[in-house]
């Protein structure tokens, strides 16, 4: 009765072949963004986010992705920026501690490239969003990498005097690398 | 007593740099204590653009100074006055270089690149360094206070030459004044 356990264990540790929701490994994943302030590119990252990816290359249309981001875990490049960006005019983290992305469709673009579409919710505002994604095997899981442009004013990020896109650009370049366990 | 003015280029550079120093000193001390706002971001950018312009003018000026002999000081000046004038001018040259340079270093350490006039990216002098940034900020500020003291000394000395000594020192650098004034 002990023998069948081994193949079962192997199956459990070879998830790339299985279409099952896999949790994101935070240590191997990155969520970064570049905003432009007075046309100066400024890098930022989110240190905490969770999510699941459910992807099988044989059935990409059945793929599902969900990402929840702790907005308070932002590193906007400096201590002053970190103190500012969690305030009401920006992320308003006390009222909206999390942002989320929920996929609606995955379209194959050829090879290991796909177009991921979904709904992004930040500060309680939801908008459709799509991003090209490259899927690669990574360790025991998979990595999903891509970049897209997010328009901050769609979500009310930078209200009031910050509304002016000449000082802080509306377009924010977002770069993600999500690796499953 | 023959007196010659500084060259037109030297006079223009002197006054342009003087203007940049006054404008950027005022702007720098004003903007530093502002709350974070779009206005603050704009002012910091203008401050950096003006500082970069000044640094360029200072480099041109030093090149010009090394290749063009300044007019002689009046014979009436005593040796200690000549020494003081030389030291003050030397320190002022060093400050006009080190003030924008420390600003540039601070900006680099802060990780906020300078985009000249919002168009031309100026390379960072060092990598982003959260520990070094506050030290460079202090140095940038301290050097500016020394600059304030030296400018006061410089202007005070120039006025002394005009009002007390009645010599032609100021006329060498001020276009409106006669280049040569007879003593007493």
**OP:** State all residues of region A:53-89 that are on the phi < 0 side of the Ramachandran plot, free of Cβ contacts under 8 Å to residues at least 60 places away in the same chain and within 14 Å of chain B (Cβ to nearest Cβ); if no residue qualifies, say none.
**Re:** A:75, A:76, A:78, A:79, A:80, A:81, A:82, A:83, A:84, A:85, A:86, A:87
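Being in a loop (DSSP other than H, G, I, E, B) and in contact (Cβ under 8 Å) with a residue 40 or more places away in the chain is the requirement here; does residue B:118 meet it?
Values: in a loop (DSSP other than H, G, I, E, B): yes; in contact (Cβ under 8 Å) with a residue 40 or more places away in the chain: yes.
It is true that residue B:118 is in a loop (DSSP other than H, G, I, E, B) and in contact (Cβ under 8 Å) with a residue 40 or more places away in the chain.
Could you run through region B:47-88 and say how many residues are outside any helix (DSSP H, G or I) and either surrounded by fewer than 18 Cβ atoms within 10 Å (Cβ to Cβ) or touching a strand residue (DSSP E or B) at 6+ places or on another chain (Cβ under 9 Å) (or both)?
Let us first name the residues in region B:47-88 that are outside any helix (DSSP H, G or I), namely B:68-78.
Narrowing further to those that are either surrounded by fewer than 18 Cβ atoms within 10 Å (Cβ to Cβ) or touching a strand residue (DSSP E or B) at 6+ places or on another chain (Cβ under 9 Å) (or both): B:68-70, B:72-73, B:75-78.
So the answer is 9.
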**OP:** Scan region B:18-46 residue by residue and report those that are in a helix (DSSP H, G or I), away from chain A (no Cβ under 11 Å) and either surrounded by fewer than 19 Cβ atoms within 10 Å (Cβ to Cβ) or more than 13 Å from the chain's Cα centre (by Cα) (or both).
**Re:** B:18, B:19, B:22, B:23, B:25, B:26, B:27, B:28, B:29, B:30, B:31, B:32
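Which count do you get for residues in region A:59-89 that are in a loop (DSSP other than H, G, I, E, B) and buried (at least 20 other Cβ atoms within 10 Å of the Cβ)? Give the derivation first.
Step one: of region A:59-89, the residues in a loop (DSSP other than H, G, I, E, B) are A:59, A:63, A:76-78, A:86-89.
Going one step further and asking which of them are buried (at least 20 other Cβ atoms within 10 Å of the Cβ), we end up with A:63, A:76-77.
Number satisfying all stated conditions: 3.
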**OP:** Taking residue B:6 as meeting all but one of (1) more than 30 Å from residue A:85 (Cβ to Cβ); (2) within 18 Å of the chain's Cα centre (by Cα); (3) not in a loop (DSSP other than H, G, I, E, B), write down the number of the exception.
**Re:** (3)
**OP:** Would you be able to tell me the number of residues in region B:107-163 that are crowded, with 17+ Cβ neighbours inside 10 Å and at positive phi?
**Re:** 1
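Going by what's in this entry, would residue A:50 be described as away from chain B (no Cβ under 11 Å), in contact with a helix residue (DSSP H, G or I) (Cβ under 8 Å, 6 or more places away or on another chain), outside any helix (DSSP H, G or I) and modelled with pLDDT of 95 or more?
On the way: away from chain B (no Cβ under 11 Å): yes; in contact with a helix residue (DSSP H, G or I) (Cβ under 8 Å, 6 or more places away or on another chain): yes; outside any helix (DSSP H, G or I): yes; modelled with pLDDT of 95 or more: yes.
Spelling it out, residue A:50 is indeed away from chain B (no Cβ under 11 Å), in contact with a helix residue (DSSP H, G or I) (Cβ under 8 Å, 6 or more places away or on another chain), outside any helix (DSSP H, G or I) and modelled with pLDDT of 95 or more.
The values are calculated or read from the model by the stated rules, or taken from the named source; none is laboratory data. No experiment lies behind these values; they were computed from the predicted model shown. Backbone-built Cβ (ideal geometry, glycine too); neighbour counts: all protein chains shown.
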